[in-house]
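Below: the structure, in structure tokens.
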Amino acid sequence: MAKTICIKSPGTVANLVCGFDILGMALNEPYDIMKLTLTDEPTVIIINKDNFNLPVEAERNVAGVVLLSVIEKMENKLGFEIEIEKHIKPGSGIGSSAASAAGAAVAANHLLGNIFSSEEVIQFAMNGEKLASGVKHADNIAPCIAGGISLIRSIYPLDIIAIDSPPLYVTVVHPQIEVRTSDARQILRKQVLLKDAIKQWGNIAGLVTGFLKQDYDLIGRSLEDVIIEPVRSILIPGFSEIKIKCKEAGALGGGISGSGPSIFMLSVDEKTAKATEKVMKEVYEKIGVDYYTYVTTINNKGVEII
Ligand code: HSE
């Protein structure tokens with residue numbers, strides 16, 4: 001049995017605009033790298049290889065709590081040392097906590113000879129999301145582990161469905177402000193109007209059908225969120241302008257990536273994805289907010305051993 005493993009854990013876009021907590025998509029960029037080693041003592045040692053200053057106490061670290069939950073379930077107790085090289089900035093909305101959580105869970109299971117089921121691996125990883133956002137949600141975790149687009153029909157009990165999609169380009173802009181998922185959840189209204197719910201159901205069904213039928217127009221029409229976006233977009237400078245101008249530049253549509261502040265847009269081809277990136281840059285240059293952009297595609301591999 002191997003004692004050390006290196007993995008690549010992809011960034012993800014949760015919600016996919018209308019599917020709050022139930023849809024997510026993996027990206028080819030950015031991604032984190034982690035090295036996990038089995039140790040004899042049932043403890044978790046964390047070594048940060050980046051400059052994000054994340055906690056090294058296992059109970060306070062997303063990957064750490066995941067590994068502690070793995071140890072708790074093990075019959076023959078062993079421990080882990082984990083080196084984490086994050087490239088997905090925490091608080092970016094591109095699934096930073098999920099990359100740590102899912103990467104740690106998949107790597108641990110692999111080192112242990114895949115003794116846990118895929119469902120148990122997702123459960124371990126969700127402990128990391130609970131630490132990061134206060135709630136267990138799998139819309140970053142599931143696509144991070146499996147790649148592609150995931151529908152989380154239910155988490156109690158777990159019911160996750162892979163959704164095929166046509167090739168798509170994804171342009172992401174990350175304004176350099178931090179939005180904590182827990183805060184972005186706190187501000188949401190606890191009740192929705194029936195008329196808004198009906199619109200949202202129509203969009204979710206339309207989006208999933210659009211992916212499955214490879215109908216780009218339907219995908220574009222369905223990228224609309226009448227429940228979460230009106231509240232959260234207030235936290236994101238330039239949001240409306242970026243959305244309008246990116247669609248004018250040819251993007252199918254898009255919105256807040258996860259809980260923000262990143263914004264993503266889907267495009268049919270690379271040329272449009274780059275034109276979309278240009279628009280995003282122009283808006284942030286104009287309003288004077290630092291930003292980082294990615295032009296990438298859907299990752300179909302998920303967490304990968306390297
Ligand atoms: N579905 C979660 C949310 C994703 O929007 O709060 C967080 O990345």
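Got the relative contact order for region 4-163 handy, in percent, Cα pairs under 8 Å and 6 or more residues apart? Provide the component values of the computation, followed by the final result.
Working: 376 pairs, mean separation 46.1, N = 160.
Relative contact order for region 4-163 comes out at 29 percent.
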**Fill in**
Counting only protein heavy atoms with a 1.4 Å probe and every protein chain in place, the carbon and sulfur fraction of the accessible surface of region 169-297 in whole percent equals 53
**Message:** Leaving ligands and nucleic acids out of the surface, order Y294, Y156, Y169, Y284 by accessible area at 1.4 Å, largest first.
**Reply:** Y156, Y169, Y294, Y284
**Request:** Starting from the Cα gyration tensor of region 4-163, multiply each eigenvalue by 5, take the square root, and state the resulting semi-axes largest first in whole Å.
**Result:** 23, 17, 13
**Request:** Please pull out the direction-averaged projected area of region 59-99, using the convex hull of its alpha-carbon atoms, in nm² to one decimal place.
**Result:** 3.3
**Fill in**
A correct Karplus calculation of ³J(HN,Hα) over region 155-164, with 6.51 cos²θ - 1.76 cosθ + 1.60, θ = phi - 60°, whole Hz and x for Gly and Pro, returns 10, 10, x, 5, 9, 10, 10, 7, 10, 5
**Fill in**
Percent of all alpha-carbon pairs of the chain at distances over 30 Å, whole number, is 29
**Request:** Output ³J(HN,Hα) for region 201-212: one whole-Hz value per residue in order, computed from phi by the Karplus curve 6.51 cos²θ - 1.76 cosθ + 1.60 with θ = phi - 60°, and x for Gly and Pro.
**Result:** 4, x, 5, 5, 4, x, 5, 5, 5, x, 4, 5
**Message:** Let me check I've understood the local charge: for L151, count other residues with C-beta under 14 angstrom from its C-beta, Lys and Arg +1, Asp and Glu -1. What total comes out?
**Reply:** -3
**Message:** Rounding to the nearest 10 and keeping the result within 0 to 90°, find how far the Cα-based axis of helix 118-133 lies from the longest principal axis of the chain.
**Reply:** 70
**Asked** In degrees, nearest 10, range 0 to 90: what is the angle between the Cα axis of helix 96-111 and the longest Cα principal axis of the chain?
**Response** 40
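Can you check what the net charge comes to around K3, using other residues whose Cβ is under 15 Å from the Cβ of K3 (Lys, Arg +1; Asp, Glu -1)? Please list the in-between numbers first.
Working: positive: K35; negative: D40, E41, E81, E83.
Charge balance in the 15 Å sphere: -3.
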**Fill in**
For region 247-263, Karplus-derived ³J(HN,Hα) couplings (6.51, -1.76, 1.60; θ = phi - 60°; whole Hz; x for glycine and proline) come out as 5, 4, 7, x, 5, 5, x, x, x, 6, 8, x, 9, x, x, 5, 10
**Asked** Expressed as an acute angle from 0 to 90° and rounded to the nearest 10, what is the orientation of the C-alpha long axis of helix 270-287 relative to the principal long axis of the chain?
**Response** 80
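Taking a cut-off of 15 Å, what percent of all Cα-Cα pairs in region 176-273 are separated by more than that? Write down the numbers at each step before the final one.
Values: 3077 of 4753 pairs.
Value for region 176-273 (Cα pairs over 15 Å): 65 percent.
Using alpha-carbon pairs under 8 Å, 6+ residues apart, how would you state the relative contact order of region 169-297 in percent? It would help to have the intermediate numbers written out before the result.
Numbers: 206 pairs, mean separation 51.8, N = 129.
Computed value for region 169-297: 40 percent relative contact order.
How do D215, D139 stack up against each other in accessible area, from largest to smallest, with a 1.4 angstrom probe? Intermediate results must be reported in sequence, preceding the final value.
Details: D215 55, D139 0 Å².
From most accessible down to least: D215, D139.
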**Item:** Neighbourhood net charge (12 Å Cβ-Cβ; Lys/Arg +1, Asp/Glu -1) for I305
**Value:** +2
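Evaluate Rg over Rh across region 109-172, taking Cα atoms for both radii and Kirkwood's formula for Rh.
Values: Rg = 13.1 Å, Rh = 13.0 Å.
With Rh from the inverse mean 1/r over Cα pairs, Rg/Rh is 1.01.
Please calculate how many Å² of accessible area region 235-275 carries per residue, with a 1.4 Å probe and no DNA, RNA or ligand atoms counted. Mind showing how you got there, number by number?
Numbers: 1440 Å² over 41 residues.
Spelled out: the 1.4 Å probe surface of region 235-275, per residue, equals 35 Å².
So what is the relative contact order of the chain, in percent, for Cα pairs below 8 Å that sit 6 or more residues apart?
On the way: 741 pairs, mean separation 75.1, N = 306.
Value for the chain: 25 percent.
The values are calculated or read from the model by the stated rules, or taken from the named source; none is laboratory data. None of the values given here were measured: they were computed from a predicted structure. Here Cβ is always computed from backbone atoms with ideal geometry, including for glycine, and neighbour counts include all displayed protein chains. Each accessible area value is taken on the protein alone, full model and side chains, heavy atoms only, with ligands, DNA and RNA left out. Shrake-Rupley method; radii C 1.70, N 1.55, O 1.52, S 1.80 Å.
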